[in-house]
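For reference, the structure is listed below as structure tokens.
The values are calculated or read from the model by the stated rules, or taken from the named source; none is laboratory data. Remember, predicted model here, so these are calculated numbers, not experimental data. Every residue, glycine among them, receives a Cβ derived from its backbone with ideal geometry; neighbour counts consider all protein chains shown. Surface areas here come from the heavy atoms of the whole protein model, side chains and all, with no ligands, DNA or RNA. Shrake-Rupley method; radii C 1.70, N 1.55, O 1.52, S 1.80 Å.
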Amino acid sequence: MRTEFVPDPGAARDEMEAQQRDIAAAATFTDDFEFDGDAVGSDTGPLVAGVDQAFLDDRVVSAIVVTRGESVVERAHAVSPLSIPYIPGLLSFREGNPILAAFEELETEPDCVLFDGSGHIHFRQAGLATHIGVVLDVPSVGVAKNLLCGTPESSTEGLAAGERVGIDADGDVDAPAGTRIGYAVQTKQYDSSNRHVNPLLVSPGHRVSAETAADWTLATAAGYKLPEPTRLADAHADDVKRTIDT
DNA sequence: GCGACAG
DNA sequence: ATCTTGTCGC
């Protein structure tokens, strides 16, 4: 674990931003290995983990669910106190350590981790998925429901399931304009209905390319908008939260 | 000064 | 993220 990159909620804002630039420099937005879509659906394929959180008053439940093909390999969670409020662009300083606490409870070593939030799609190219991915030095992907920054190369409205639209860096991103930082990914869509499903905003966290990040998302989606590992982690976090109550 | 902004 | 029942439309 890269302890020098562990987030410090007590740091000053400019120090947090400086650390994010260092993390972006240490991150890799290229593929570490070949992506095998068929293997992902196999029971002998890669271990994919989903991470999600549920909130209480001033505490947070961080849940991790590791899957391999159709089966769940392991579930883990941690309950932690929240030290700072949510600040756009500094999410990892609020939720990073709680997530790392859950990872300490995890025995499995995932081949890829799906985080709820952005990775490369970030003002300083170091969103939650990138930050934690670099700290743990594990291939990671950021899966968000809303776009933090960047500009779609074309309309992301009415995409069919399986389609993707590139998201490029703009003036809000600390990267050359036009740099491909992610994709709007349509994992689910109603074909014969008036209803619409908004695409997910996917970006590489660490050790994966933007294209592969989108591939992982589509390969682990199973009929629902969210990738299966993420859905399961979401449900697990809620279960634990209900057990604790208020 | 105003707007914009993952969870 | 969270507070929450019904309700619209496959």
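Looking at this structure, is A:Gly119 surrounded by fewer than 24 Cβ atoms within 10 Å (Cβ to Cβ) and not acidic (Asp, Glu)?
Values: surrounded by fewer than 24 Cβ atoms within 10 Å (Cβ to Cβ): no; not acidic (Asp, Glu): yes.
Taking the combined requirement at face value, the residue does not satisfy it.
Of the conditions (1) acidic (Asp, Glu); (2) closer than 21 Å to A:Trp216 by Cβ; (3) free of Cβ contacts under 8 Å to residues at least 40 places away in the same chain, A:Glu104 clears all except one; give me its number.
(2)
Working only within the stretch A:56-84, note down all residues that are open to solvent by 20 Å² or more (accessible area, probe 1.4 Å), of a type in the set (A, V, I, L, M, F, W, C), within 15 Å of DNA strand B (Cβ to nearest atom) and without any contact (Cβ under 8 Å) to a residue 60 or more places away in the chain.
A:Leu82
Among what's in the stretch A:179-197 and is closer than 15 Å to A:Glu157 by Cβ and of a type in the set (A, V, I, L, M), pick the residue that is most open to solvent (accessible area, probe 1.4 Å).
So, considering only residues that are closer than 15 Å to A:Glu157 by Cβ and of a type in the set (A, V, I, L, M), the one most open to solvent (accessible area, probe 1.4 Å) is A:Val197.
Let me spell it out: the conditions are (1) open to solvent by less than 50 Å² (accessible area, probe 1.4 Å); (2) more than 15 Å from DNA strand C (Cβ to nearest atom), and A:Ser155 meets all of them except one. Which number is the exception?
Every condition holds for A:Ser155 apart from (1).
Mind checking which residues of the stretch A:198-225 are away from DNA strand C (no atom under 16 Å from the Cβ) and surrounded by fewer than 20 Cβ atoms within 10 Å (Cβ to Cβ)?
Correct list: A:Ser209, A:Glu211, A:Ala222.
Looking at this structure, is A:Ala25 within 21 Å of A:Gly127 (Cβ to Cβ), more than 16 Å from DNA strand C (Cβ to nearest atom) and either free of Cβ contacts under 8 Å to residues at least 40 places away in the same chain or surrounded by fewer than 15 Cβ atoms within 10 Å (Cβ to Cβ) (or both)? Full working, then the answer.
Working: within 21 Å of A:Gly127 (Cβ to Cβ): yes; more than 16 Å from DNA strand C (Cβ to nearest atom): yes; either free of Cβ contacts under 8 Å to residues at least 40 places away in the same chain or surrounded by fewer than 15 Cβ atoms within 10 Å (Cβ to Cβ) (or both): yes.
Here the answer is yes, as A:Ala25 does meet what is asked.
Go through (1) of a type in the set (Val, Ile, Thr); (2) modelled with pLDDT under 95; (3) surrounded by 13 or more Cβ atoms within 10 Å (Cβ to Cβ) and name the single condition A:Val48 misses.
Every listed condition holds for A:Val48 apart from (2).
Among the listed residues A:Leu136, A:Leu148, A:Leu114, A:Leu128, which satisfies the condition of being of a type in the set (A, V, I, L, M), open to solvent by 50 Å² or more (accessible area, probe 1.4 Å) and within 16 Å of DNA strand C (Cβ to nearest atom)? Give the derivation first.
Details: A:Leu136 fails: within 16 Å of DNA strand C (Cβ to nearest atom); A:Leu114 fails: open to solvent by 50 Å² or more (accessible area, probe 1.4 Å); A:Leu128 fails: open to solvent by 50 Å² or more (accessible area, probe 1.4 Å).
The unique qualifying residue is A:Leu148.
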